[in-house]
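Undergrad: The structure is given below, and queries will be raised subsequently.
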Amino acid sequence: MNLKATSRKNAIHVMVAYTGGCNGCDIEIVNAVLSPRYDVEQYRVLLTWNPREADVLIVSGVVAWQMVEPLKKIYESIPEPKGVVAVGACAVNGNVYKNLVGDIGQNEEIWAPVDTVIPVDVKVPGCAPRPEDVIAGVVKALPKILEAP
Ligand code: SF4
C-alpha cells in the first residue's frame, strides 16, 4: 500500500470550490458541516485549500466564466483517484441561472451545470442542501477513492 492510500485510511481531505453561486450553499458546506453541531473533523474529514492534498472536490454554484479554467486546473491538480461532488441546485442543474444558459450548456458568462466543465461523481440537489445531505454526498464519493489500489 502506498503512502497516499495509507493516509486516506486515516483522513479524507475535502477541498471546496465556490464557482459562482449566491454563497448559500457555501454557508451549509463550510460553516454548518464544520460547526460543532456536525463537526465532521471528529471523523477525520478535513478541509484543505490545497488541491494536491485533496481527495474529494466539492463544487458549489454554476461556473462563472472566470472560474472555468481555474476549476479545470483545480480538478487536474487533485491526484487520482478522486471524487467530485456537485452541491446545490445551481451546480446540479443550473437552478435560477437556467434562463441564462438554457436547459444545459453555457453562454459567454455562465456555464452550468458543473459537469459541463469537469466530471462529477455525486450530485447533491437542494437550494441550499441540508448539511446532512452534503455529508452524505461526500460519503457516496468515498468508495471510489478508498477501494482504489
Ligand atoms: S443552489 Fe441555491 S443556495 Fe446554492 S448557490 Fe445556488 S441559489 Fe445559492
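Throughout, read-outs are computed from the coordinates displayed, never taken from laboratory work. Since this is a predicted model, take the numbers as computed values, not measurements.
Undergrad: Per the Cauchy relation, a quarter of the hull surface: what is the mean projected area of the convex hull of the alpha carbons in the chain, in nm²?
TA: Computed as one quarter of the Cα hull surface, the answer is 8.0 nm².
Undergrad: Starting from the amide H of residue 84, placed 1.01 Å from N in the peptide plane, find each other amide H under 5 Å away whose residue is 5 or more places distant or on another chain.
TA: 57, 121, 122
Undergrad: Separate question: Given a cut-off of 22 Å, name the pairs among 98/123; 9/123; 82/123; 9/140; 98/140 whose C-alpha atoms lie farther apart than that in the structure shown.
TA: Working: 98/123 17 Å; 9/123 24 Å; 82/123 15 Å; 9/140 16 Å; 98/140 27 Å.
From the list (98/123; 9/123; 82/123; 9/140; 98/140), the Cα-Cα distance tops 22 Å for 9/123; 98/140.
Undergrad: Taking the DSSP beta bridges in the chain as the whole, what percent of them are antiparallel, to the nearest 5?
TA: Roughly 20 percent of the beta bridges in the chain run antiparallel, per DSSP.
Undergrad: Take the alpha carbon atoms of segment 52-93, find their radius of gyration, then divide it by 2.2 N^0.38 Å using N residues; give the quotient.
TA: 1.16
Undergrad: In sequence order, what are the phi-derived ³J(HN,Hα) couplings for segment 128-141 according to the Karplus relation 6.51 cos²θ - 1.76 cosθ + 1.60 with θ = phi - 60°, rounded to whole Hz, with x for glycine and proline?
TA: Values per residue, Gly and Pro as x: 8, x, 6, x, 4, 6, 5, 4, 4, x, 5, 4, 5, 7 Hz.
Undergrad: Next question, about the same structure. I'd like the Karplus ³J(HN,Hα) series for segment 14-29: coefficients 6.51, -1.76, 1.60, θ = phi - 60°, whole numbers in Hz, and an x wherever there's a Gly or Pro.
TA: 10, 10, 10, 10, 8, 10, x, x, 8, 6, x, 4, 5, 5, 5, 5
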